[in-house]
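Novice: Take a look at the following structure, please.
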Amino acid sequence: MTPRWIWQQPDWPNFTWNVERLAPLLRECVQAQGRLMGMASSVGSSLSAQSELDALLQNIVTSSAIEGEQLNVGSVRSSLARRLGLDLVDGDRVSQRSEGLAQLMLDATRHFAEPLTLDRLLDWHEWLFPEQDGDLAARAIRVGALRGDEPMQVVSGRLDKPTVHFEAPPRPGLERQLEIFLDWFESGRSQAGLDPLLRAGIAHFWFVTLHPFDDGNGRLTRTITDLALAQGEAQAIRFYAMSASILEDRTGYYRVLETSQKATTDVTEWLEWFLQTLLRSLQQAMTRIDSVLGKARFWQAHQTSGLSAEQTKVLNRLLDGGERGFEHGISAAQYQAVAKVSKATATRHLADLLDKGCLQRLPGGGRSTRYQIRYPDVKDS
């Protein structure tokens with residue numbers, strides 16, 4: 001019979017890939033990783049801690065969102081902040097769920113030097129599903145234990161006519177399969193010729209294919225990926241959230257997994273998608289850190305400019321950008337609304353900010369005049 005699933009292939013799990021096809025993309029990722037680490041090293045310690053918190057928070061929230069779960073962001077942020085030694089914004093808004101997720105993420109990214117063992121995996125699974133979760137009994141989830149004997153399938157569609165997208169290896173022999181994976185994961189750290197980024201991609205695909213638990217396999221897979229990436233960088237602090245980039249292309253993620261899990265042990269297509277997604281994540285992180293550094297340079301240059309509280313508020317909105325920022329600059333009417341000042345005061349404030357070099361006028365005039373941040377030259381800051 002022709003194997004239907006990759007784990008039925010006679011050469012499973014001896015993965016192969018096209019080195020030449022992946023080489024340009026891998027080179028781009030390594031270069032981006034190096035640039036990001038260089039940028040991160042120039043960020044002050046307080047900004048560094050905040051950037052780390054933001055990336056870890058984004059990773060946790062988006063990894064759950066991939067599975068369709070919406071977390072309480074404030075609760076997760078508080079759990080992370082407490083563990084990172086940062087000031088708590090909502091210190092009392094923590095739950096067993098957020099505590100477990102924070103513990104899981106930090107164990108993977110900060111204790112990257114420790115080996116990944118079955119016991120450690122079982123601990124992770126317990127943190128993912130705290131006892132207080134009343135939904136566990138209804139779903140018959142074995143917490144902190146491998147899945148039962150029934151077939152593990154990923155299905156969609158009607159109950160009477162389900163579409164089986166994937167079926168995991170059978171329960172008998174699962175311990176041995178995991179043992180082979182964990183041995184490879186440990187030995188791969190020092191394996192000559194195995195790039196750390198490819199190792200992370202292979203680990204992701206291999207573990208999610210084993211699907212060893214009743215639930216939580218996707219989130220633990222992405223945690224293992226974070227661990228592998230932290231090991232590759234040989235440092236605990238990570239400023240990018242790969243789960244966020246996976247969420248952006250969730251359809252593509254499931255499509256390439258399904259295709260690869262029904263194919264041969266050549267995982268080039270999967271690794272190509274993985275590296276493209278990682279590269280996008282690294283590039284987004286560089287954009288965020290560049291914004292952080294730009295904001296720091298701006299305030300350093302204007303620390304003695306004698307700005308009012310209203311001016312500072314508007315400038316921070318412009319510097320932060322994002323959904324609440326003003327991508328195409330700010331008008332006098334918008335300044336008036338944000339700063340909550342009169343039209344005359346807004347006009348006076350804007351003129352003062354132009355004089356002090358905080359803002360620059362965009363092309364256009366009259367009522368349509370808009371203003372944007374004037375970043376100081378690096379040599380001026």
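The values are calculated or read from the model by the stated rules, or taken from the named source; none is laboratory data. Owing to the predicted nature of the structure, the values given are computational and were not obtained by experimental measurement. For neighbour counting, all protein chains shown are included, and Cβ atoms are generated from backbone atoms with ideal geometry for every residue, glycine included. Just so you know, the surface numbers come from the protein's heavy atoms only, side chains and all, with ligands and any DNA or RNA stripped out. Shrake-Rupley method; radii C 1.70, N 1.55, O 1.52, S 1.80 Å.
Novice: Output the number of the condition that GLY357 fails; it satisfies all remaining conditions of (1) of a type outside the set (Val, Ile, Thr); (2) part of a helix (DSSP H, G or I); (3) touching a residue at least 12 places away in the same chain (Cβ under 8 Å).
Specialist: So the condition that GLY357 fails would be (2).
Novice: Suppose the filter is farther than 15 Å from LEU128 by Cβ and touching a residue at least 40 places away in the same chain (Cβ under 8 Å); does THR223 pass it?
Specialist: On the way: farther than 15 Å from LEU128 by Cβ: no; touching a residue at least 40 places away in the same chain (Cβ under 8 Å): yes.
Considered against the rule, which asks whether it is farther than 15 Å from LEU128 by Cβ and touching a residue at least 40 places away in the same chain (Cβ under 8 Å), THR223 comes out as no.
Novice: Tally up the residues in segment 150-201 that are of a type in the set (A, V, I, L, M) and open to solvent by 40 Å² or more (accessible area, probe 1.4 Å), please. Don't jump to the end; show me each part of the working.
Specialist: First, pick out the residues of segment 150-201 that are of a type in the set (A, V, I, L, M): 152, 154-155, 159, 164, 168, 174, 178, 180, 182, 192, 194, 197-198, 200.
Checking the rest, the ones that are also open to solvent by 40 Å² or more (accessible area, probe 1.4 Å) come to 154-155, 159, 180, 192.
Result for segment 150-201: 5.
Novice: Select from segment 260-275 the residues that are closer than 30 Å to ALA40 by Cα and either surrounded by 22 or more Cβ atoms within 10 Å (Cβ to Cβ) or in contact with a helix residue (DSSP H, G or I) (Cβ under 6 Å, 6 or more places away or on another chain) (or both) and list them in ascending order.
Specialist: If we filter segment 260-275 for residues that are closer than 30 Å to ALA40 by Cα, which is where we start, we get 270-275.
Within segment 260-275, TRP270, LEU271, TRP273, PHE274, LEU275 meet the criteria.
Novice: Tell me which residues, restricted to segment 278-301, are open to solvent by 20 Å² or more (accessible area, probe 1.4 Å) and either among the aromatic types (Phe, Trp, Tyr) or not in a helix (DSSP H, G or I) (or both).
Specialist: TRP299
Novice: Okay, moving on. Residues being of a type in the set (S, T, N, Q) and open to solvent by less than 10 Å² (accessible area, probe 1.4 Å): count how many of those fall in segment 64-88. So that I can check it myself, show each step before the final result.
Specialist: So the first thing to find is which residues in segment 64-88 are of a type in the set (S, T, N, Q), and the list is 64, 70, 72, 75, 78-79.
From what is left, the residues that are open to solvent by less than 10 Å² (accessible area, probe 1.4 Å) are 64, 75, 78-79.
Of the residues in that region, 4 qualify.
Novice: Quick one: which residue in GLY193, GLY188 is part of a loop (DSSP other than H, G, I, E, B) and small (Gly, Ala, Ser)? Write out each step before concluding.
Specialist: On the way: GLY188 fails: part of a loop (DSSP other than H, G, I, E, B).
Of the residues listed, the single one that is part of a loop (DSSP other than H, G, I, E, B) and small (Gly, Ala, Ser) is GLY193.
Novice: Given the condition farther than 22 Å from LEU36 by Cα, assigned to a helix (DSSP H, G or I) and open to solvent by less than 10 Å² (accessible area, probe 1.4 Å), answer yes or no: does some residue in segment 232-247 qualify?
Specialist: Going residue by residue through segment 232-247, those that are farther than 22 Å from LEU36 by Cα are none.
For segment 232-247, residues farther than 22 Å from LEU36 by Cα, assigned to a helix (DSSP H, G or I) and open to solvent by less than 10 Å² (accessible area, probe 1.4 Å): absent.
Novice: Let me ask you something else. Considering segment 148-177 alone, what residues qualify as being more than 20 Å from GLU67 (Cα to Cα) and either part of a helix (DSSP H, G or I) or of a type in the set (S, T, N, Q) (or both)?
Specialist: Across segment 148-177, the qualifying residues are LEU174, GLU175, ARG176, GLN177.
Novice: Could you list, in sequence order, the residues of segment 169-193 that are over 26 Å from the mean Cα position of the chain (by Cα) and of a type in the set (A, V, I, L, M, F, W, C)?
Specialist: Selection gives LEU174, ILE180, ALA192.
Novice: Which condition breaks for ILE180 when tested against (1) within 25 Å of LEU71 (Cα to Cα); (2) modelled with pLDDT of 95 or more?
Specialist: Among (1) within 25 Å of LEU71 (Cα to Cα); (2) modelled with pLDDT of 95 or more, the lone unmet condition for ILE180 is (1).
Novice: Looking at this structure, is LEU275 part of a helix (DSSP H, G or I), farther than 23 Å from ILE6 by Cβ and either in contact (Cβ under 8 Å) with a residue 40 or more places away in the chain or more than 11 Å from the chain's Cα centre (by Cα) (or both)? Explain how you work it out, then say what you get.
Specialist: Numbers: part of a helix (DSSP H, G or I): yes; farther than 23 Å from ILE6 by Cβ: no; either in contact (Cβ under 8 Å) with a residue 40 or more places away in the chain or more than 11 Å from the chain's Cα centre (by Cα) (or both): yes.
Here the answer is no, as LEU275 does not meet what is asked.
Novice: Let me ask another. As an exercise: evaluate LYS340 against (1) in contact with a Phe, Trp or Tyr (Cβ under 9 Å, 6 or more places away or on another chain); (2) open to solvent by 30 Å² or more (accessible area, probe 1.4 Å); (3) not acidic (Asp, Glu) and give the number of the one condition it does not meet.
Specialist: Condition (1) is where LYS340 drops out.
Novice: In this structure, does ARG348 turn out to be touching a helix residue (DSSP H, G or I) at 6+ places or on another chain (Cβ under 8 Å) and open to solvent by 60 Å² or more (accessible area, probe 1.4 Å)?
Specialist: Numbers: touching a helix residue (DSSP H, G or I) at 6+ places or on another chain (Cβ under 8 Å): no; open to solvent by 60 Å² or more (accessible area, probe 1.4 Å): yes.
No: the conditions fail for ARG348.
Novice: For SER308, state whether it is free of Cβ contacts under 8 Å to residues at least 60 places away in the same chain and open to solvent by 10 Å² or more (accessible area, probe 1.4 Å). Quick ask: steps written out before the conclusion?
Specialist: Numbers: free of Cβ contacts under 8 Å to residues at least 60 places away in the same chain: yes; open to solvent by 10 Å² or more (accessible area, probe 1.4 Å): yes.
Considered against the rule, which asks whether it is free of Cβ contacts under 8 Å to residues at least 60 places away in the same chain and open to solvent by 10 Å² or more (accessible area, probe 1.4 Å), SER308 comes out as yes.
Novice: Being in contact with a Ser or Thr (Cβ under 8 Å, 6 or more places away or on another chain), open to solvent by less than 80 Å² (accessible area, probe 1.4 Å) and not small (Gly, Ala, Ser), is that true of even one residue in segment 33-52?
Specialist: Going through segment 33-52, the residues in contact with a Ser or Thr (Cβ under 8 Å, 6 or more places away or on another chain) turn out to be 40, 43.
After this cut, where a residue has to be open to solvent by less than 80 Å² (accessible area, probe 1.4 Å) as well, the list is 40, 43.
Those still in the list that are not small (Gly, Ala, Ser) too: 43.
Taking every residue of segment 33-52 in turn, at least one turns out to be in contact with a Ser or Thr (Cβ under 8 Å, 6 or more places away or on another chain), open to solvent by less than 80 Å² (accessible area, probe 1.4 Å) and not small (Gly, Ala, Ser).
Novice: I want to confirm something. Restricting to segment 317-332 and keeping residues that are in a helix (DSSP H, G or I) and touching a helix residue (DSSP H, G or I) at 6+ places or on another chain (Cβ under 8 Å), which single residue is most open to solvent (accessible area, probe 1.4 Å)?
Specialist: Taking segment 317-332 and keeping what is in a helix (DSSP H, G or I), we get 317-320, 322-324, 332.
In the following step, the residues that additionally are touching a helix residue (DSSP H, G or I) at 6+ places or on another chain (Cβ under 8 Å) were identified as 317, 319-320, 324, 332.
Numbers: ARG317: 55, LEU319: 6, ASP320: 93, ARG324: 154, ALA332: 40 Å².
For segment 317-332, the residue satisfying everything is ARG324.
Novice: Output yes when any residue across segment 248-259 is over 30 Å from ASP290 (Cβ atoms), open to solvent by less than 20 Å² (accessible area, probe 1.4 Å) and small (Gly, Ala, Ser), and no when none is.
Specialist: no
Novice: Just need a number here: residues in segment 212-225 that are part of a loop (DSSP other than H, G, I, E, B) and surrounded by 22 or more Cβ atoms within 10 Å (Cβ to Cβ).
Specialist: Going residue by residue through segment 212-225, those that are part of a loop (DSSP other than H, G, I, E, B) are 212-216.
Those left that are additionally surrounded by 22 or more Cβ atoms within 10 Å (Cβ to Cβ): 212-213.
Going through segment 212-225 one residue at a time, the tally reaches 2.
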